[in-house]
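Notes follow the structure.
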Amino acid sequence: MSLLEATKIVSGYGGIDILHEVSLKIEPGEIVSIIGPNGAGKSTLMKSIFGLLKPRSGQVILNKTDITGWSPDRIVHQGICFVPQTENIFPSLTIQENLEMGAYIRKDNFRHKLEEIYTLFPDLKNRKNTRAGKLSGGQRQMVAMGRALMLEPKLLLLDEPSAGLAPKMVDLIFEKTIEANKTGVAILMIEQNAREALRFSHRGYVLAAGENRFEDSASNILSNPEIGRLYLGG
Amino acid sequence: MNSFSLIAAILGMIIALALGLFYFRRGETRGQKIFAILGSLLSIGYLYALFLGNLSILQTRDLLSSGGMLTIVISLYFFLRAETTRGHWFVAGVTLSTLGLLYGGSALAGVEVLSLFSYLVRTMFVLGGLYGLSLLALNLQWGYTGLFNIGIHGFVALGAYTSTLLVKPSDITLGAEHLAETPIPAFGLPFMFGLIGAVLICGLFALLTGISTLKLREDYLAIATIGLAEIIRVAAQNLAITGKTRGIADIPSPLFDWLVKSSEQDTTGFVDPNYYIWFYAGMILVALLIVYLAFQRIARSPWGRVLKAIREDEDAANALGKNSFKFKLQSLVLGAMVMGAVGSFWAHSARSITPDAFDAVQWTFLPWVMLIIGGSGNHKGALVGAFLIWALYSITNFQNDFLPQRIAINIDWGFFKWQESLDIAGRFFGPIRIIIIATVLQLILIYRPRGILGEEKQVSTLVKH
Amino acid sequence: MQQSQTHKSFFIRRWQLTSLISLSAVFLLFVVFNEGANKWFFDSLSTLHAQGVQALFSGIRYGCILLLGAIGLSLTYKILNFGNFAHGDIMAAGIGIAISLNDIARGVITSLMPDLDNGARELYSLLFAFFGTVMITPWVSTALDRILYKRFRKAKPVVMIIASFGMALIIRSLVQIIWGTQNLGYGQHISITPPVVLVELWGREISVRISTQDWVIIGAAIVLTLLLHFFLTYSKLGKAMRAMADNPDLARVTGIDTERVVFWTWWIGGALAAAGGFFFCLAFGPFRLFNIGPQILLSLFAATVLGGIGSPYGAMLGGLLIGLAQNVLIVFIPYEFNPTAWQPAISFALLIVLLLVRPQGILGGSK
């Protein structure tokens, strides 16, 4: 039984539909990448799942619970966390405070979780009292991901985690993503760096013009010459 | 209550009922049928109060003025809504019938109808016309371009004072004796100069304000305009040149000497001073018509379309190569210039101005409420809103005649004493009026926002691409 | 599309620099060569010399009052994305409540303890009034949110501003109805001229008038801002408030209970505004209550924008600066123009300059 199932989502802004019956499935513990050209609706799909956009039709089911159209705060309670592409940290709060905000809805003493996150991102531990606004792009991304992981979500949504980062940072972020996944968090990722992303994903979806184009295991997608030509830049 | 009143009342109400049914059957649309019912009910109600109620002269006059005003306003609304010629005639018919019953009945009851009617038309046309002009300007700024100007009262005041200072002849001093030592430097120019001066000065200030704030978020313009208005108020209250808190009196009116006979022997004038206001009202209506037509043309012109595009999506407009800043500035300045003209007209009809005459409620808040109720982006709707709210505002004047002016309070609970003759009028009437209108505004905003809220309710900025 | 102001702080663009220089040059020429301007300038300077320290002090005092009001305004501006035009009138309502509580308390104390001396009685009733208004007024601002603003959470800022303008008028009208048009105050003995304190500064002896109330105002402002600081820094709700001020959308996505934070933001903002209002009446009363709202609003906005919208510390700084500016800069206004009436004009001028040079304020993030 899948962790998350999105079925025939129709969604958009204003009077315009961006997604035309797009479907998606994520198994527990998987890393799934969504790739495709700009404007394909990848972001829209993620937002429709997370409740930032209410789908006009279609269903989103998380572990047998129908969460279609639920608002983000309810969905967070269900165990899905979201890392936006931009403005994904609180700049005037310190790193530690950012992480604490991530744990806002936790009722327990989450000290141990903080330590775990610092272990995952040792770079952050040294600077834990620095204001997040003063960090570099890569460090911010780590804070953003760490914040989302504080709730030990079942599913982590990442919107273009490598966007705007230097190549070394990109590698680092991907490394951390893999490490996070090893703790059992399923990851749904939108990535422009399609090849890189597919290399460590289990499966991939190719979206174009608001529709499903391909769905397969990551390795198959990578080795498919046609997809490679069309969507992976040769 | 004598038999005459009884008969007149019953007869009148029967006629009103009959006419109501007559029109109801012939109404084409549901709106028109409703209008027929409204007219009928209004007439019946009024006639009942007139003949069978125990009203004082003052109360009767107020009731009549308000009733007449309300009729004209509502009829204007339905008139503009009517699509066919037959519809227009229908509305005219209902209006005339209602007015006929109201005024005819009053004449029968011995009320001095002619001067009341004259007063009604004058107030409606002069003040209504001025509000109409303000509304057209505001609609250009907000309805078309999306500029948030809440300092209308500042521009109007600026125009009024400028025009006054330009037009007043220099040998007439200020209103109060002790200020006689500081005659204001005045120029004694003809009225047109005053008007043009007012327009230009307002344009200038709008330009300065726009340059500082139009590149920033829209609510900064709001703060800037209200600040500017505040400064203008402070200046008016504290500079000798503007007469401080007393203001300026004896402002000449255009063509007054030429038109009006100051006495029986005066050969240069035509007309009784009382009728001068008709000329003035006419002048304002002409101006209103000119501006209305001009703005209609502008709205359909390429310039107007760019403005609308900017309001909808400024980034897109910019991407298409239109310098949105320039357009917004032009719109702001043009609107402000019209507001300056309003100030000038006001000053010369009121013949004396004080800083308090240009308060925010009357000149900024009301126009905004009118705009919102009438529907923005739509000149016709804006005009209707103008007359409608003006009527509402005037009607609440009722309080003065139907409620006591003072109430005696006598509370003595030992530790808490309160004994005074409470001045209800000074303390309650003004505020209650404002509360009514502001509440109406809130209700409209909540329940019928009509495009004010913008296109799509977005969940969060994260949703924007 | 936007100017690159975001990375450099106080980066002045070239056109701004040239206009600044040329304006200053014109100004200096004028002052030097025009007799009238010359006289005005040096007269103002000597007034500054004579009254500068007093003006400084009044400025700090006024700044304390402003900052208390500006904090709430700044926070709700950022979190809910609109400038609450009703804030000034909420302060006025707070003053009204304080005045009434003061009267009631005085009446009660007089009948229960008739032998108490005047000073103590005044003190106790003022204390009662202070804590009373700080506890009661916040419920007005939260009610405002509940009844009206909540419905517009997703609306454009313009709608909210119009709605708040309408609410400002309603509150102002209610204030006029409830408390009337007379001058009202705490009935304290303001007619006593504050004692003169002699200060030695740069070898000169300067006399400054400072009353006990002034010390109380400044002291209380310090205490309140410290309390706020501790709250924002160490409490979970405080951090959540700062987070929301940074980025309300992200806060929601993180799972923070946004409505609860919003509620407490209004509450705290209202409480601080009430405190500010209380001190305002202490310093300047008696006066006509219903005029206070619009008068103080412009200065509050100036302070908020100056400090940077969304930063409570910015609001504190902005409040102090505007307070100082208003009291110190009026020496430059000639006497016949009635200088004190022009104080809002100073705020406005500063606001315009600020919007031209650095619209995000001192502590604000990028626009």
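The values are calculated or read from the model by the stated rules, or taken from the named source; none is laboratory data. Quick caveat: nothing in here was measured; it's all calculated off a predicted structure. So basically every Cβ, Gly included, is an ideal-geometry build from the backbone, and we count neighbours across all protein chains shown. Surface accessibility is based on the protein's heavy atoms, side chains included, excluding ligands, DNA and RNA. Shrake-Rupley method; radii C 1.70, N 1.55, O 1.52, S 1.80 Å.
Averaged over its residues, the protein assembly as shown has an accessible area of 44 Å² per residue, based on protein heavy atoms and a 1.4 Å probe.
Percentage of Cα-Cα pair distances in segment B:1-116 greater than 21 Å, rounded to whole percent?
On the way: 2333 of 6670 pairs.
Result for the distance tail: 35 percent.
Note on segment C:53-357: lysine pairs with Cα distance below 18 Å, sequence gap of 8 or more or different chains, count 4.
Per-residue 3J(HN,Hα) values for segment B:100-106, derived from phi via the Karplus relation 6.51 cos²θ - 1.76 cosθ + 1.60 with θ = phi - 60°, read x, 5, 5, 6, x, x, 5 Hz in sequence order (x marks Gly and Pro). So, in Å, what gap is there between the alpha-carbon centers of segment A:1-30 and segment C:112-134? Rounded to whole Å, the Cα centres lie 66 Å apart.
A straight line joining the Cα centroids of segment C:70-91 and segment B:196-224 runs 24 Å.
Averaging over all projection directions, find the projected area of the Cα convex hull of segment A:16-149 and quote it in nm² with one decimal place.
9.5 nm²
The value of relative contact order for segment C:53-357, using C-alpha pairs under 8 Å at least six residues apart, is 39 percent.
Here the sum of -39500 (n - 2.57) over DSSP H runs of 4 or more residues, divided by the residues of the protein assembly as shown, equals -20500 deg cm²/dmol at 222 nm, to the nearest 500. Note on surface exposure: B:L21, A:L156, A:L222, A:L120 rank B:L21, A:L222, A:L120, A:L156 by accessible area, highest first, 1.4 Å probe. Measure out, as a whole number of angstrom, how far apart the alpha-carbon centroids of segment A:161-234 and segment C:290-323 sit. With segment A:161-234 and segment C:290-323 each reduced to a Cα centre, they are spaced 49 Å. Over segment A:74-212, what portion of Cα pair distances is larger than 21 Å, expressed as a whole percent? Cα-Cα pairs in segment A:74-212 separated by more than 21 Å: 39 percent.
Calculation over all alpha carbon pairs of the protein assembly as shown in 10 angstrom steps from 0 returns a P(r) of 2, 9, 16, 19, 19, 15, 11, 6, 2, 1, 0 percent. Think of segment A:4-231 as a dipole: +1 on every Lys or Arg Cβ, -1 on every Asp or Glu Cβ, centred on the Cα centre; then among A:A166, A:G15, A:H112, A:H112 lies furthest on the positive end.
Of all beta bridges DSSP finds with both residues in the protein assembly as shown, what is the antiparallel percent, to the nearest 5?
Taking every DSSP beta bridge within the protein assembly as shown, about 70 percent pair in antiparallel fashion.
In chain C, once you exclude exposed chymotrypsin sites (Phe, Trp or Tyr not before Pro) (DSSP loop, at most 15 other Cβ within 10 angstrom), what's the longest stretch remaining? Formally, the longest exposed-site-free interval is C:12-201.
By how many nm would the segment from C:F332 to C:L116 lengthen if fully extended, with 0.36 nm per residue of separation less the alpha-carbon distance? Write out the running numbers ahead of the final one.
Numbers: separation 216, 0.36 × 216 = 77.76 nm, distance 4.71 nm.
The span from C:F332 to C:L116 would gain 73.0 nm if fully extended.
The convex hull drawn around the Cα atoms of segment B:58-140, when projected onto a plane and averaged over every direction, covers 6.3 nm². The convex hull defined by the C-alpha atoms of chain C has an orientation-averaged projected area of 22.2 nm². Counting only protein heavy atoms and using a 1.4 Å probe, the accessible area of B:H88 comes to about 60 Å².
Heavy-atom accessible area, probed at 1.4 angstrom with all protein chains present, ranks B:K244, A:K176 as B:K244, A:K176, highest first.
Result for chain C in a Gaussian network model with C-alpha springs under 10 Å: among C:I268, C:I65, C:I222, the largest mean-square fluctuation is at C:I222. In the elastic network of chain C, a GNM with C-alpha springs shorter than 10 Å, the most mobile of C:A273, C:A50, C:A315 is C:A50. Between B:L200 and B:S301, the modelled labels are 2.1 nm apart [label points 7 Å from Cα along Cα→Cβ]. Heavy atoms of chains B and C lose about 4800 Å² of accessible surface on contact, summed over both sides with a 1.4 Å probe.
The Rg/Rh ratio of segment A:100-142, with both radii computed over alpha carbons and Rh defined as the Kirkwood radius, is 0.99. Rounded to the nearest Hz, the phi-derived 3J(HN,Hα) couplings of segment C:246-262 under the Karplus curve 6.51 cos²θ - 1.76 cosθ + 1.60 (θ = phi - 60°) are 5, 7, x, 5, 5, 4, 5, 5, 6, x, 5, 6, 5, 5, 5, 4, 4, where x marks glycine and proline. Scanning residues 5 or more positions from C:L184 or on other chains, those with amide H under 5 Å from its amide H are C:F287, C:R288, C:L289, with H placed 1.01 Å from N in the peptide plane. Across segment A:4-231, the mean sequence separation of Cα contacts (distance under 8 Å, 6 or more residues apart), normalised by length, yields a relative contact order of 28 percent. Close amide-amide hydrogen proximity is noted between A:R56 and A:V10, A:S11, A:G12, each under 5 Å apart and 5 or more residues distant or on a separate chain (H modeled in the peptide plane; Pro and chain starts excluded). Segment C:256-367 gives an Rg/Rh value of 1.02, both radii derived from C-alpha positions and Rh following Kirkwood. In sequence order, segment A:29-42 has phi-based couplings of x, 7, 10, 10, 10, 10, 10, x, x, 4, x, 6, x, 5 Hz under the Karplus curve 6.51 cos²θ - 1.76 cosθ + 1.60, θ = phi - 60°, and Gly or Pro positions carry x.
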